[in-house]
Amino acid sequence: MISTNEILETIKMIQEESLDIRTITMGISLLDCADSDIDRSCEKIYQKITTRARDLVKVGEEIEGKYGIPIINKRISVTPIAMLLGASGGDPVKYARTLQRCAETVGVNFIGGYSALVQKGFGPGDLELIESIPEALRVTDRLCSSVNIGSTKAGINMDAVRLMGQIIRQSAENTADRDCVGPSKLVVFCNAPEDNPFMAGAFHGVGEPDCVIHVGVSGPGVVRAALSKMEGGDLTDVADLIKKTAFKITRMGQLVGAEASRALGVPFGIVDLSLAPTPAVGDSVAHILEEIGLEQCGAHGTTAALAMLNDAVKKGGVMASSAVGGLSGAFIPVSEDAGMIDAARSGCLLLEKLEAMTAVCSVGLDMIAVPGDTSADILSAIIADEAAIGMVNSKTTAVRIIPAIGKKEGEELEFGGLFGSAPIMKVNYASPAKMIARGGRIPAPLQSLKN
């Protein structure tokens, strides 16, 4: 039985501490839309998505009204489009335009799945899709793209890593008139999860049902508010409080997921209990770390504090739901977190420190702006470093990096909304070109042999 105090506590979390459901994401398989004719395939895609997701936005709004819980985004993820392109051939951008049209028709914020999985090599359609990404992101505004270039089992496809550095830079150049927004919707993964509800990396994995609902919760402000009221206590007490708070947040996500599943008549997949910040005041992961006891995010001790936070969030979440999945932990997207924006501006938070932090948190180098003269080889090397962390530690890592064409270190990109402001961070210009040019594959680590 839910007590009055618990109801009032939840209301306060929503009204004063920025608690929300960050997204309900419908995953839709497009495998039955494959066709040797790309135009027929695109028409099948449009019919399936607009039928399956017809009521997604309406149901989300009804749940918001019924429970008073803000649901910030309604999104769709689909089967990696490279799989369909392998069957159809033709111009991949036709698929991009079709997905954009689907998103506009059903009213969702974003649609993800303009993706390729190339951790062990390129299959039919993979190269063609990857090479089309800059143009696809230029001509759409709701499409998100991702490429998985490595895994613990397969190692790292360095040919794909080299190519993705070029693709990111080209995408930035193609959208330079819009603050280089293209790469902000492109994620390069190692160990990509198949059930991630968060953009820009969401796609519908081949092992998923035909249609499924995933929920991504948020709530950095709730965790920070709880810690700010804590009097004394050691780090064990801090971890315990975070764990209890994550439990409460996840229960709300479980409720919304179950309601959406029932109303839409599709299976409930997972709750992703990631702490996803926004640029809004009081909704920052960096500020949680500072509440734990750091002068500013990026100080020595940041990685340890983040490791504790990430672990406590997972432990609290798994007690609140039997279906925790996706990324689940703490996100550190620089441009989307008010505390990280401040830390990057002050010079306390550096790219090298962020890389260390990614070894212990949910994702990787996320929403980071670098100078416009950063070469494709350096971008590829940054991807390779991040993928190596994920491969060796059997965890998801990713890179979402934006070369700020025409801008220098210390300037900023302004995206607005949830994407926020990106201070342009310093990079190491020592050349990795010879290593990147070698290509090939970094073999899987010994710990991949678990059978």
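The values are calculated or read from the model by the stated rules, or taken from the named source; none is laboratory data. It should be emphasised that the depicted structure is a prediction, and the values quoted were computed from it without experimental measurement. FYI the Cβ positions are ideal-geometry reconstructions off the backbone, even for glycines, and counts take in every protein chain you see.
What is the number of the single condition among (1) under 21 Å from the mean Cα position of the chain (by Cα); (2) in contact (Cβ under 8 Å) with a residue 60 or more places away in the chain that residue 318 does not meet?
(2)
Determine, yes or no, whether residue 111 is surrounded by 21 or more Cβ atoms within 10 Å (Cβ to Cβ), of a type outside the set (Ser, Thr, Tyr), closer than 17 Å to residue 376 by Cα and modelled with pLDDT of 95 or more.
No: the conditions fail for residue 111.
Quickly run through the stretch 169-187 and pick out the residues that are of a type outside the set (S, T, N, Q), farther than 18 Å from residue 110 by Cβ and modelled with pLDDT of 95 or more.
169, 172, 173
Could you please let me know if residue 215 is part of a helix (DSSP H, G or I), modelled with pLDDT under 90 and of a type outside the set (Lys, Arg)?
Details: part of a helix (DSSP H, G or I): no; modelled with pLDDT under 90: yes; of a type outside the set (Lys, Arg): yes.
Spelling it out, it is not the case that residue 215 is part of a helix (DSSP H, G or I), modelled with pLDDT under 90 and of a type outside the set (Lys, Arg).
So which pairs qualify, if the first residue must be in the stretch 368-381 and not assigned by TED's automatic domain parsing to the domain that holds residue 181 and small (Gly, Ala, Ser), the second must be part of a loop (DSSP other than H, G, I, E, B) and surrounded by 19 or more Cβ atoms within 10 Å (Cβ to Cβ), the Cβ gap must be under 7 Å, and the two must be at least 6 apart or on different chains?
From the stretch 368-381, the pairs are 369/425; 372/405; 372/407.
Residues that are modelled with pLDDT of 95 or more and closer than 30 Å to residue 263 by Cβ: does the stretch 148-168 have at least one?
no
Identify the residue in the stretch 173-187 that is closer than 16 Å to residue 140 by Cβ and hydrophobic (A, V, I, L, M, F, W, C) and, among all such residues, is surrounded by the fewest Cβ atoms within 10 Å (Cβ to Cβ).
By that ranking, first place goes to 181.
For the stretch 280-303, give me each residue that is under 20 Å from residue 328 (Cα atoms) and either free of Cβ contacts under 8 Å to residues at least 12 places away in the same chain or outside any helix (DSSP H, G or I) (or both).
Residues satisfying the conditions are 283, 284.
If you take the residues in the stretch 402-424 that are assigned to a loop (DSSP other than H, G, I, E, B) and either free of Cβ contacts under 8 Å to residues at least 40 places away in the same chain or small (Gly, Ala, Ser) (or both), which one is surrounded by the most Cβ atoms within 10 Å (Cβ to Cβ)?
Residue satisfying both the conditions and the ranking: 407.
Given 318, 334, 324, 313, which one is out of contact with any helix residue (DSSP H, G or I) (no Cβ under 8 Å at 6 or more places or on another chain), assigned by TED's automatic domain parsing to the domain that holds residue 291 and among the hydrophobic types (A, V, I, L, M, F, W, C)? Even if it seems obvious, please write down each step before you answer.
Numbers: 334 fails: out of contact with any helix residue (DSSP H, G or I) (no Cβ under 8 Å at 6 or more places or on another chain); 324 fails: out of contact with any helix residue (DSSP H, G or I) (no Cβ under 8 Å at 6 or more places or on another chain); 313 fails: out of contact with any helix residue (DSSP H, G or I) (no Cβ under 8 Å at 6 or more places or on another chain).
Result of the check over 318, 334, 324, 313: 318.
Pick from the stretch 193-240 the residues that are aliphatic (A, V, I, L, M) and without any contact (Cβ under 8 Å) to a residue 24 or more places away in the chain: which of them is surrounded by the most Cβ atoms within 10 Å (Cβ to Cβ)?
Taking the stretch 193-240 first, the residues aliphatic (A, V, I, L, M) are 199-200, 202, 206, 212-213, 215, 217, 222-223, 225-227, 230, 235, 238-239.
Among the residues that remain, those that are also without any contact (Cβ under 8 Å) to a residue 24 or more places away in the chain are: 226, 230.
On the way: 226: 21, 230: 12.
Among them, the one singled out is 226.
Every residue in the stretch 111-137 that is aromatic (Phe, Trp, Tyr) and within 16 Å of residue 168 (Cα to Cα), please.
If the condition is that a residue be aromatic (Phe, Trp, Tyr) and within 16 Å of residue 168 (Cα to Cα), then 114 is the only one that fits.
Look through 427, 399 and report the one residue that is outside the structural domain of residue 185 (by TED's automatic domain parsing), closer than 25 Å to residue 338 by Cβ, aliphatic (A, V, I, L, M) and part of a loop (DSSP other than H, G, I, E, B). Step through it out loud before you land on a result.
On the way: 399 fails: part of a loop (DSSP other than H, G, I, E, B).
Going through 427, 399 in turn, the sole match is 427.
With crowded, with 20+ Cβ neighbours inside 10 Å and at pLDDT below 90 as the only criterion, which of 362, 380 stands out?
Every option except 362 fails the conditions.
So if I check each of 224, 262, which one is part of a helix (DSSP H, G or I), over 24 Å from residue 96 (Cβ atoms) and at pLDDT 85 or above?
262
What pairs come up if the first residue lies in the stretch 38-50 and is over 18 Å from residue 92 (Cα atoms) and among the hydroxyl-bearing types (Ser, Thr, Tyr), the second is surrounded by fewer than 16 Cβ atoms within 10 Å (Cβ to Cβ) and at pLDDT 95 or above, and their beta carbons are under 9 Å apart, counting only those six or more places apart or on different chains?
The qualifying pairs are 50/105.
Do you know which of the residues in the stretch 228-257 that are modelled with pLDDT of 85 or more and hydroxyl-bearing (Ser, Thr, Tyr) is nearest to the chain's Cα centre (by Cα)?
Across the stretch 228-257, the extreme among qualifying residues is 245.
Considering only residues that are touching a residue at least 40 places away in the same chain (Cβ under 8 Å), surrounded by fewer than 20 Cβ atoms within 10 Å (Cβ to Cβ), part of a helix (DSSP H, G or I) and of a type outside the set (A, V, I, L, M, F, W, C), which ones fall in the stretch 53-97?
62, 66, 67, 86, 94, 97
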